[in-house]
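What follows is a set of notes on a single structure, which appears directly below.
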Amino acid sequence: MIGTDETARQAAVDRLDLPSKRWDERLQRIAERAADIAGTPIGAISVVDRARQWMIAKRGAVADEVPRALSFCALAIHRPGEAMIVPDAAQDPRFATNPFVTGSPAVRFYVGIPLVDRAGYPLGALCVIDHAPRNQMPDLYELGALAREAERIVERPN
């Protein structure tokens with residue numbers, strides 16, 4: 001990973017106890033609120049491990065897990081502290097041939113805000129997705145506040 005020790009980042013992900021986080025009601029509410037704020041059919045919270053992206057909360061038709069190589073969120077985590085905005089994935093050379101763009105769920109618009117632990121390691125992302133391209137951005141401040149809330153829940157031991 002760019003600027004991050006991937007071994008240490010993966011160790012941070014391993015400490016999360018993912019099974020206890022999946023489908024947590026609080027995270028589910030955050031994913032739903034993110035979709036509402038953005039006006040998108042999909043809102044999700046993901047964790048990116050060595051080989052996969054795991055959705056631990058979601059609203060909308062999106063797979064529970066995807067290969068890391070196809071994950072938008074796996075690219076978003078390269079820049080902690082910054083939203084990754086993709087107005088039209090079909091026109092973006094990083095994603096134009098991605099099967100999630102050319103097929104189902106037909107990702108066109110994506111915003112991902114990295115979730116970062118207290119040590120600064122990116123764990124995953126809060127994201128919103130639409131099936132149509134967009135030029136108008138959702139409220140990134142509100143989405144960022146939801147991402148910070150999700151970070152506290154994800155990192156907290158159960």
Residues that are under 17 Å from Phe109 (Cα atoms) and free of Cβ contacts under 8 Å to residues at least 60 places away in the same chain: list the strands (runs of 3 or more DSSP E) wholly contained in segment 22-68 that include at least 2 such residues. 52-59
With the checklist (1) loosely packed, with under 13 Cβ neighbours inside 10 Å; (2) under 16 Å from Glu149 (Cα atoms); (3) at pLDDT below 90 in hand, flag the one item Asp24 doesn't pass. (1)
Of all residues in segment 115-158 being buried (at least 17 other Cβ atoms within 10 Å of the Cβ) and free of Cβ contacts under 8 Å to residues at least 40 places away in the same chain, the one that is nearest to Lys58 (Cα to Cα): Ala147
What are the residues in segment 1-21 that are assigned to a helix (DSSP H, G or I) and at pLDDT 85 or above, if any? Glu6, Thr7, Ala8, Arg9, Gln10, Ala11, Ala12, Val13, Asp14
When the residues of segment 30-58 are filtered to those that are buried (at least 16 other Cβ atoms within 10 Å of the Cβ) and out of contact with any strand residue (DSSP E or B) (no Cβ under 6 Å at 6 or more places or on another chain), which remaining residue is farthest from Leu140 (Cα to Cα)? Asp49
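The values are calculated or read from the model by the stated rules, or taken from the named source; none is laboratory data. Bear in mind the structure is a predicted one, so any value in this text is a computation, not a measurement. Note that we place each Cβ from the backbone using ideal geometry, even for glycine, and neighbour counts take in every protein chain shown.
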